[in-house]
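Some notes on the structure that comes next.
The values are calculated or read from the model by the stated rules, or taken from the named source; none is laboratory data. Since the model is a prediction, treat every value here as computed from it, not as a measurement. No Cβ is skipped: glycine too gets one built from the backbone with ideal geometry, and neighbour counts run over all protein chains shown. When the accessible area is computed, the model is the full protein with side chains, heavy atoms only, and any ligands, DNA or RNA have been set aside. Shrake-Rupley method; radii C 1.70, N 1.55, O 1.52, S 1.80 Å.
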Amino acid sequence: MQDNNGDDNSGGSNKGNNRGGDGQNEGGFNWKGFMLLAIAMGLLGLVFFSKSIGDGSDTKTWREFTELVNNKRIHVDLDNPNPELRHTLELEERPSKAEEWVKGWYILDEKDVAANNGEKYKRFQTSVNLAWAKEDLKALLTDAEPPLQITNQTTKTESMGAAMLGFYLPMLILVVLLYLLFRHQMRSAGRGAMSFGKSKAKMMAMEKNKITFKDVAGVEEAKEEVWEIVEFLKDPKKFQRLGGHIPKGVLMVGSPGTGKTLLARAIAGEADVPFFSISGSDFVEMFVGVGASRVRDMFEEGKKNAPCLIFIDEIDAVGRHRGHGMGGGHDEREQTLNALLVEMDGFEAQEGVIIIAATNRPDVLDPALLRPGRFDRQVTVNLPDVKGREQILDVHAKKVKIADGVDLGVIARGTPGFSGAELANLINEAALLSARRGLKAITLPEFEEARDKVRWGKERRSLAISEKEKENTAYHEAGHAILLCLLDNTEPLHKVTIIPRGPSLGSTMWLPEEDKYTNRVNELLDQLVVIMGGRVAEEVVFGNVTNGASGDIKQATSIARKMVCEWGMSEELGMVEYGDSQEHVFLARDMGSGGGRGYSEDTAQKIDSEVKRLIDTAYQTATELINANRDKLNTIAAGLLEYETLDRVHIDQIMEDGEMKNPPSAPTPPDIPDDSSKTDEPPADGRDKDEGKDFPSDLAPAGA
């Protein structure tokens with residue numbers, strides 16, 4: 001059993017550059033703004049600093065000045081021949097500010113002399129209001145011992161305008177600088193957050209991590225179709241000579257993980273032209289009209305660099321059906337789509353701009369987007385076949401060290417339905433597993449275990465399961481396994497295990513010998529019988545079933561309903577399709593269509609009856625086969641309880657001889673690696689000495 005699930009393939013990271021617009025990168029450091037801010041802050045600091053420095057005088061209050069006079073600490077020296085050392089008391093009037101100041105020298109304390117460079121005297125100034133304190137000042141100076149007098153009176157002539165200018169000029173300069181700073185910041189914001197309508201398409205830089213068509217494998221037809229674009233860009237006359245023109249748009253369609261984005265990166269690596277990359281979600285923003293503006297800007301930028309390629313990843317984010325918006329009203333996405341349609345093939349179509357888009361939901365795209373003249377060519381990127389899988393494994397195997405004798409063709413045959421992303425993950429998981437085991441190279445058992453982990457999940461040996469549940473799981477999986485061997489139209493059994501893996505408590509794994517694209521009626525009927533085997537085995541052995549077959553029931557119902565409603569495999573209902581067979585649900589479209597089934601109630605009852613008949617018939621057939629081979633069922637279940645995992649070889653021995661002639665090794669619980677065990681060197685052949693416990697020598701590789 002296998003699922004075709006996978007993630008988007010990635011084959012390296014191409015680093016893009018922001019397109020040049022005004023010569024300034026969007027995230028660069030704003031040196032100009034920083035300098036303006038530094039000048040503004042420096043000027044502001046200079047204003048306050050200049051006011052605080054003055055002439056170096058200590059500003060004393062009236063009370064402190066009174067104490068200096070009373071303590072005889074005022075120093076007056078009128079006889080010194082040096083005018084700079086001739087200390088006097090002065091009165092300075094400042095009419096512009098309505099201030100009067102008494103200035104002079106005072107004697108420092110001994111502890112303050114050292115801080116004053118050894119000088120005993122220091123200047124001081126005291127503000128006085130002569131209108132109120134003139135008599136007090138006169139009395140204070142007269143009563144001092146010896147008496148003091150003001151020997152010098154000056155008037156600091158300063159006009160009111162000059163005073164105002166001296167105070168407000170620095171502030172005015174500061175405001176101007178701040179204005180220039182904010183204006184520069186707003187312009188910078190206009191190139192970033194304020195510029196909502198600018199395209200976010202990035203030009204790819206091909207100097208590093210360059211990917212070419214040599215790095216893309218398994219999709220030869222898709223490579224051939226897109227290679228024509230590269231050839232046209234290199235030699236346009238080759239195609240124009242016969243009147244042909246290159247497609248304006250190429251839509252790459254495929255399942256997740258098949259390599260659509262990797263193929264676009266290869267085109268960028270091969271084409272010697274500008275290559276812009278953008279995601280469909282980059283067009284849609286919270287502001288109305290932004291998406292359409294970005295589309296126009298993207299094509300305008302492409303026109304400047306024509307000829308060029310523009311890659312839109314996940315275009316279904318912006319190219320959905322118009323008129324299917326939920327809840328009515330105006331849909332911003334429709335505006336963006338309309339702009340894209342007009343730019344690709346409107347009244348003024350852009351020349352030399354080739355659009356490459358990728359999606360895994362082509363069913364939701366608007367028909368106008370898919371018509372010739374816009375996306376002229378649809379390139380389907382399918383899951384790789386066995387040859388393609390081997391080529392993909394070869395590409396990724398070059399990055400790891402593989403042991404001699406490992407045939408990647410064996411791994412390719414054992415991985416049907418794997419996408420390119422899953423195969424790359426398989427190689428990586430095998431490398432990690434080999435590193436944990438201390439091997440020098442990756443061997444085939446590591447690839448086998450990595451394949452099972454990628455497809456079915458990692459073993460959960462630590463899950464605590466009771467013996468009763470383990471026995472029930474063993475018979476359930478034995479029921480699947482025995483029917484796979486008894487029926488003629490089933491796929492070969494790979495192995496069966498009761499070790500929990502992923503979400504399941506046990507697994508019966510089968511792998512097709514070759515890639516299959518169709519299924520015959522007999523194959524589907526036998527597949528229904530195999531699916532019923534687990535529930536039948538529980539009922540036959542215990543007489544009391546569990547809910548462990550819920551997944552089997554869901555799978556069987558899906559197959560039977562498709563046989564009746566889609567594939568015309570019912571004799572009673574005939575070759576008629578009943579209902580809408582859309583693989584993916586598009587809620588807005590499905591609700592808009594009215595939700596009708598397209599058939600009558602009587603037909604619905606016949607469909608239900610026919611589906612139930614197919615499942616009941618399969619259940620009855622499975623019961624008869626298991627009852628007829630009850631002894632072999634018990635032997636397989638007993639082997640699973642003892643060894644936990646049985647390979648196809650062991651099951652075949654039980655079916656032919658009734659017992660296992662060469663049973664596997666007893667299971668050993670996983671050990672946590674200890675530092676002391678790292679001293680043992682691995683064997684010379686690169687294999688772990690205990691590896692045979694998990695991988696018996698007679699275990700045939702899947703698909704071999």
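Kindly indicate whether residue 423 is open to solvent by less than 50 Å² (accessible area, probe 1.4 Å), aliphatic (A, V, I, L, M) and touching a His at 6+ places or on another chain (Cβ under 7 Å). Yes; evaluated as a whole, the condition is true for this residue.
Is it true that residue 538 is at pLDDT 85 or above, assigned to a loop (DSSP other than H, G, I, E, B), charged (D, E, K, R) and buried (at least 18 other Cβ atoms within 10 Å of the Cβ)? The answer is no for residue 538. Kindly establish whether residue 382 is modelled with pLDDT of 90 or more and closer than 24 Å to residue 222 by Cβ. When the stated conditions are applied, residue 382 does not pass them. Taken over region 454-463, the residue count meeting the criterion of being surrounded by fewer than 19 Cβ atoms within 10 Å (Cβ to Cβ) and outside any loop (DSSP other than H, G, I, E, B) is 1.
So, in region 437-453, how many residues would count as being crowded, with 23+ Cβ neighbours inside 10 Å and of a type in the set (A, V, I, L, M, F, W, C)? Here the count works out to 2.
Of the residues making up region 98-113, those that are in a helix (DSSP H, G or I) and surrounded by 10 or more Cβ atoms within 10 Å (Cβ to Cβ) number 2.
Residues checked against (1) modelled with pLDDT of 75 or more; (2) charged (D, E, K, R); (3) more than 14 Å from residue 102 (Cβ to Cβ):
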residue: 122; (1), (2), (3): yes, yes, yes
residue: 125; (1), (2), (3): yes, no, no
residue: 133; (1), (2), (3): yes, no, no
residue: 137; (1), (2), (3): yes, no, no
residue: 141; (1), (2), (3): yes, no, no
residue: 148; (1), (2), (3): yes, no, no
residue: 159; (1), (2), (3): no, no, yes
residue: 166; (1), (2), (3): no, no, yes
residue: 179; (1), (2), (3): yes, no, yes
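Look at (1) free of Cβ contacts under 8 Å to residues at least 40 places away in the same chain; (2) of a type in the set (Gly, Ala, Ser); (3) surrounded by 15 or more Cβ atoms within 10 Å (Cβ to Cβ) and you find that residue 543 fails only one, number (3). Scan region 261-282 residue by residue and report those that are farther than 17 Å from residue 312 by Cβ and either surrounded by fewer than 20 Cβ atoms within 10 Å (Cβ to Cβ) or among the polar types (S, T, N, Q) (or both). Across region 261-282, the qualifying residue is only 272.
Per the conditions (1) open to solvent by less than 20 Å² (accessible area, probe 1.4 Å); (2) touching a residue at least 24 places away in the same chain (Cβ under 8 Å); (3) of a type in the set (Gly, Ala, Ser), the sole criterion not satisfied by residue 434 is (2). Scanning region 385-405 for residues that are open to solvent by 30 Å² or more (accessible area, probe 1.4 Å) and touching a strand residue (DSSP E or B) at 6+ places or on another chain (Cβ under 7 Å) yields a total of 3.
Here are 451, 501: which of them is under 31 Å from the mean Cα position of the chain (by Cα) and more than 23 Å from residue 216 (Cβ to Cβ)?
Values: 451 fails: more than 23 Å from residue 216 (Cβ to Cβ).
Exactly one residue qualifies, and that residue is 501.
When residues in region 238-260 are screened for being assigned to a helix (DSSP H, G or I) and open to solvent by 30 Å² or more (accessible area, probe 1.4 Å), 3 of them pass.
I'd like the full set of residues that are more than 14 Å from residue 339 (Cβ to Cβ) and either open to solvent by less than 20 Å² (accessible area, probe 1.4 Å) or not small (Gly, Ala, Ser) (or both), limited to region 311-322. First the steps, then the outcome.
Of the residues in region 311-322, the ones more than 14 Å from residue 339 (Cβ to Cβ) are 311, 313-314, 316-317, 320-321.
311, 313, 314, 316, 320, 321 - these are the residues of region 311-322 that are more than 14 Å from residue 339 (Cβ to Cβ) and either open to solvent by less than 20 Å² (accessible area, probe 1.4 Å) or not small (Gly, Ala, Ser) (or both).
Does at least one position in region 512-521 carry a residue that is over 34 Å from the mean Cα position of the chain (by Cα), more than 30 Å from residue 256 (Cβ to Cβ) and outside any loop (DSSP other than H, G, I, E, B)? Yes, region 512-521 contains at least one residue that is over 34 Å from the mean Cα position of the chain (by Cα), more than 30 Å from residue 256 (Cβ to Cβ) and outside any loop (DSSP other than H, G, I, E, B). When the criteria are applied in full, residue 666 fails the requirement of being over 40 Å from the mean Cα position of the chain (by Cα), open to solvent by less than 60 Å² (accessible area, probe 1.4 Å) and at pLDDT 55 or above. Checked across region 264-272, the condition of being in a loop (DSSP other than H, G, I, E, B) and either touching a strand residue (DSSP E or B) at 6+ places or on another chain (Cβ under 8 Å) or on the phi > 0 side of the Ramachandran plot (or both) holds for at least one residue.
Has region 572-580 got any residue that is in contact with a Leu (Cβ under 6 Å, 6 or more places away or on another chain), open to solvent by less than 90 Å² (accessible area, probe 1.4 Å) and at pLDDT 65 or above? Within region 572-580 (the criterion being in contact with a Leu (Cβ under 6 Å, 6 or more places away or on another chain), open to solvent by less than 90 Å² (accessible area, probe 1.4 Å) and at pLDDT 65 or above), the answer is no, since none of the residues qualifies.
When residue 672 is tested against (1) of a type in the set (A, V, I, L, M); (2) open to solvent by less than 50 Å² (accessible area, probe 1.4 Å); (3) modelled with pLDDT under 80, exactly one condition is not met: (2). Total residues in region 221-237 satisfying the condition of being exposed (fewer than 14 other Cβ atoms within 10 Å of the Cβ), within 38 Å of the chain's Cα centre (by Cα) and either in contact (Cβ under 8 Å) with a residue 60 or more places away in the chain or in a helix (DSSP H, G or I) (or both): the figure is 3.
For region 556-569, does any single residue satisfy the condition of being more than 39 Å from the chain's Cα centre (by Cα) and of a type in the set (Val, Ile, Thr)? Yes. Taking region 344-366 only, how many residues are at pLDDT 80 or above and either over 25 Å from residue 228 (Cβ atoms) or open to solvent by 30 Å² or more (accessible area, probe 1.4 Å) (or both)? Residues meeting the conditions: 6. Checked against (1) closer than 18 Å to residue 645 by Cα; (2) out of contact with any Leu (no Cβ under 9 Å at 6 or more places or on another chain), residue 436 passes all but a single condition, namely (1).
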